[in-house]
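The values are calculated or read from the model by the stated rules, or taken from the named source; none is laboratory data. What you see is a predicted model, and the numbers here were worked out from it, not measured in a lab. All Cβ positions, glycine included, derive from the backbone under ideal geometry; neighbour counts span all protein chains shown. Heavy atoms of the whole protein, side chains included, go into the accessibility calculation; ligands, DNA and RNA do not. Shrake-Rupley method; radii C 1.70, N 1.55, O 1.52, S 1.80 Å.
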Amino acid sequence: MPALSRAVRRKSEIIASADLPAFQTQLLGWFAGNKRDLDWRRTRDAYRVWISEIMLQQTRVAAVLPYYRRFLERFPTIDALARARPDAVLRSWAGLGYYSRARNLHRAAKEIVARHGGKFPRRIEDALALPGIGNYTAAAVLSIAYGEPHAVLDGNVARVLARLGAIRGDLRRPKRWRALGEVAKALLPTQAAPAAGAPAGGAGDWNQAMMELGATVCTPRAPRCAACPVARWCQAHALGIALRLPAPRRKPKPVRLVLTAAILLDAGGRTLLVRQNSDHSRLFSSLWQFPAVQGGRPEPKKLAGYLHSVFGIAEQMEALPTARHTVTFRRILLAPFLVRVANLPSPKLPAMRGARTPRLKEIERLPISSATKKIAASARAILSR
Ligand code: SF4
């Protein structure tokens, strides 16, 4: 066990420096022969790498793939993305969740065109100044696309490091997370960044190798130590505590809430969608949604009061089947009500500024959340009987 048998000089050294070259060679060799063939691994184009990294945040690879392909067909360059209408960008994102990612991408694309000539910046300070780009994304894009020597630290990498070094405690505590960042840096192969236009060097492959090891071998609940290319350097494996590391994080308690929504419907099959109209707007960012109120239980009276005060509507409400929806730690009950109206609210009302009145069966042409789709499906099921 080289890492255990030798004195480790600094806290950031979980692999003794004499063993580091062999460790790096072993992991990079494993990555070259075992990496998954993913679309974003076939390119070093910074724009494509950036899109993949943003989409992969909090989202599984399999879910990202079709979105990644469609998004790049629709917006093949940073320029095309910068020129797009916000609705078009959100529509391409609809279903992926965490919509602030799409809005930040769009804003960042405009800044890249305005300040960096349409090319993703190569300096880390410039990348970090863009909306929606933090340490992880900046390090991932710059290392993979340009070979810049920045080490990534995400959940997968942190888990691998914690096990390799038998690091105990909650990894997400700021001090420990910073220390892990230093550990990650200390492992990075030292190689000069390649010249502009040259293929990326070791840092990009190294970061991807660490992430791949965490995603496919050193997995959270069932690390496959017998198949691990770096098992001989792993302190948790040697101590028989791999399964106990990292220490579990305290999860936020699930929050239960009910969204009571109104599907207004006129004789022509048109409905009303609004934005930022009530206290639930933060849940679905600025996507189009049915008028709704939020509470701890279905609130038809509160909804009726809201429709009356904001849109002047006082028609009967018909309860529709409920549906369930989850957004991170929020467990949401969707309680839709059908409200048949002779006419949709007057476009002159202040609340109608920016509202949309599409046909119910065509609302998916607008950027809407999965929750709004479920509410619409509930209404369509009743209307088609
Ligand atoms: Fe993870 Fe096991 Fe490999 Fe250690 S030996 S890095 S615990 S898979």
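Rounded to the nearest 500, what is the chain's calculated 222 nm mean residue ellipticity when only DSSP H runs of at least 4 contribute -39500 (n - 2.57) each, over all residues? Don't skip to the answer; put the middle values down first.
On the way: 15 runs with 162 residues, N = 385.
That calculation yields -12500 deg cm²/dmol at 222 nm.
Amide H neighbours of Val327 under 5 Å, counting only residues 5+ apart in sequence or on other chains, H built in-plane at 1.01 Å?
Close amide H contacts, sequence-distant or interchain: Ile332.
Magnitude of the Cβ-charge dipole of the chain, K/R +1 and D/E -1, about the Cα centre, nearest 20 debye?
960 debye
With every protein chain left in place, what is the accessible area of Glu318 in Å² (1.4 Å probe, nearest 10)?
80 Å²
Placing unit charges on C-beta atoms (Lys and Arg positive, Asp and Glu negative, everything else neutral), compute the dipole magnitude of the range 50-90 about its Cα centre in debye, rounded to 20.
120 debye
Explain nothing, just the number: relative contact order of the chain, from Cα pairs under 8 Å at least 6 residues apart, as a whole percent.
Worked out over the chain, it gives 16 percent.
Using the Karplus equation 6.51 cos²θ - 1.76 cosθ + 1.60 (θ = phi - 60°), what ³J(HN,Hα) coupling, rounded to whole Hz, does each residue of the range 370-385 give in order, writing x for Gly and Pro?
Those phi angles translate into 4, 5, 5, 4, 5, 5, 5, 5, 4, 5, 4, 4, 6, 5, 8, 6 Hz.
Leaving out ligands, DNA and RNA, and with a 1.4 Å probe, what % of the accessible surface on the chain is carbon or sulfur?
Carbon and sulfur atoms account for 51 percent of the accessible area of the chain.
Protein chains only, probe 1.4 Å: how do Glu53, Glu315 rank by accessible area, largest first?
Glu315, Glu53
Protein chains only, probe 1.4 Å: how do Asp45, Asp154 rank by accessible area, largest first? Mind showing how you got there, number by number?
Values: Asp45 70, Asp154 35 Å².
I get Asp45, Asp154, largest accessible area first.
In terms of the Cα gyration tensor, with a ≥ b ≥ c the square roots of its eigenvalues, is the range 255-383 rounded because a/c is under 1.5, prolate because a/b exceeds b/c, or oblate? Present the calculation step by step, with values, prior to reporting the outcome.
Details: a/c = 1.36, a/b = 1.34, b/c = 1.01.
It comes out rounded by the Cα gyration axes.
Which listed residue (Ile241, Ala18, Thr77) has the Cα farthest towards the positive end of the charge dipole for the chain, taking +1 on Lys and Arg C-beta and -1 on Asp and Glu C-beta about the Cα centre?
Result: Ile241, furthest along the dipole toward the positive end.
Might you work out the accessible area of Glu299 for me, using a 1.4 Å probe with all protein chains in place, and round it to the nearest 10 Å²?
40 Å²
Nearest-5 percent of antiparallel DSSP beta bridges in the chain?
Beta bridges within the chain, antiparallel portion: roughly 55 percent.
Compute the separation of the alpha-carbon centres of the range 34-96 and the range 221-236 and state it in Å as a whole number.
Spelled out, the Cα-based centre of one part sits 32 Å from the other.
In Å², what does the accessible area per residue of the chain work out to with a 1.4 Å probe?
With the other protein chains kept in place, the chain gives 50 Å² per residue.
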